[in-house]
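All remarks here apply to the structure that follows.
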Amino acid sequence: MPRTLDPELRRELAARIRYYNEMGIYDFYRRPANTPETEMVANGDEQAAPVATASADPESPVFHSSIPQPEPREEMSRPKAAFASAPVAVEDNMFDMIAAKPEQSVSDPVKALRIIREDLGDCTRCPLHKQGRKQIVFGVGNPKAELMFVGEGPGADEDEQGEPFVGRAGQLLNNMIKAMGLQRTQVYIANVVKCRPPGNRTPEREECETCSPFLMRQIAVIKPKVVVALGAVAAKTLLAMSSSMAQLRGRFYDFKPAGVRASDPDWQGCKLAVTYHPAFLLRDPRQKGEAWKDLQMVMKELGLQATAGR
Ligand code: SF4
């Protein structure tokens, strides 16, 4: 029987996997629990499985940026000893996270996204499945989009229609996309969590961590040039940072989806920018100018021209 991971240990492992991904290491293997090999891993044998034993600097960033990193990732803040003493018999879904993904052998992004959707199934992986969702909201748009928007989670309208950003915030996002000189059908839109949190509450960290591997896989399939994180939940989940929006906005990050690699070995990741969530802009329209600055930065990167009379 798989053991349930302590949430902190899960975070430690996820951060360590991201670190190895950054070094180009994606292939891990599982050793049976309670074997002599396992004891070696637990005792810190440097030759053992990399997930548990490598002595790399735990402060290494999950992404690279040409500017100084604002602060260390939250996941890496615990002493290394806490990780070293953790059990190594992990539950199956952790190995699901680091195993090769079926869509990686598929070059057609439409088929690859379908494989991810089928893998998601009638998902019950986090508590949101039993908190009133009508349907899973997977994502929508161009599977070969150069620009991808990532929001927080579905609201009532999205839950009803099965499509992200279709309510009032969606209308504003449509206007933002149009102002950038694009159509909604040219971009791809998804959320960190794919089920509506009750009462439109902010998704819990555990819910984000459980659902976001599917988002990472979507990004790896679409291979955008730029991802725009809409709001703090998307930004913090994608970047694994806990900085404020003021600290996160106004710059690009070099981004690779954690835990997966693209089917195209030539895709080395993309740029990521952070801006305000359209729902926030509806509540505080004074910030629209700031959001427009963020989008102009993205447009420059993509060589886009603003629509006249936006
Ligand atoms: S939010 Fe994601 S992980 Fe949670 S039940 Fe829905 S699809 Fe599954």
Of the residues in region 156-199 that are of a type in the set (Gly, Ala, Ser) and over 16 Å from LEU281 (Cα atoms), the one that is nearest to the chain's Cα centre (by Cα) is ALA190
By residue number, the members of region 120-169 that are surrounded by 19 or more Cβ atoms within 10 Å (Cβ to Cβ), within 9 Å of the ligand (Cβ to nearest atom) and of a type in the set (A, V, I, L, M) are LEU128, ILE136, VAL137
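Kindly indicate whether any position in region 182-189 is among the basic types (Lys, Arg), within 16 Å of the ligand (Cβ to nearest atom) and out of contact with any Ser or Thr (no Cβ under 7 Å at 6 or more places or on another chain).
Within region 182-189, none of the residues are among the basic types (Lys, Arg), within 16 Å of the ligand (Cβ to nearest atom) and out of contact with any Ser or Thr (no Cβ under 7 Å at 6 or more places or on another chain).
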The residue from GLY153, GLY139 that alone is of a type outside the set (Ser, Thr, Tyr) and within 20 Å of ARG283 (Cα to Cα) is GLY153
The number of residues in region 212-227 that are surrounded by 24 or more Cβ atoms within 10 Å (Cβ to Cβ) and out of contact with any Leu (no Cβ under 7 Å at 6 or more places or on another chain) is 6
(1) in contact with a helix residue (DSSP H, G or I) (Cβ under 7 Å, 6 or more places away or on another chain); (2) within 16 Å of the ligand (Cβ to nearest atom) all hold for ARG205 apart from (1)
Within region 176-203, the residues that are free of Cβ contacts under 8 Å to residues at least 40 places away in the same chain and farther than 18 Å from LEU295 by Cα are GLY199, ARG201
Does region 239-246 contain any residue that is within 20 Å of ASN142 (Cα to Cα) and crowded, with 22+ Cβ neighbours inside 10 Å?
no
Over region 200-249, the set of residues on the phi > 0 side of the Ramachandran plot and modelled with pLDDT of 95 or more is LYS223, GLY231
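The values are calculated or read from the model by the stated rules, or taken from the named source; none is laboratory data. All values derive from a computational prediction rather than experimental measurement. Here the Cβ is made from the backbone with ideal geometry for all residues, glycine too, and neighbour counts use every protein chain on show.
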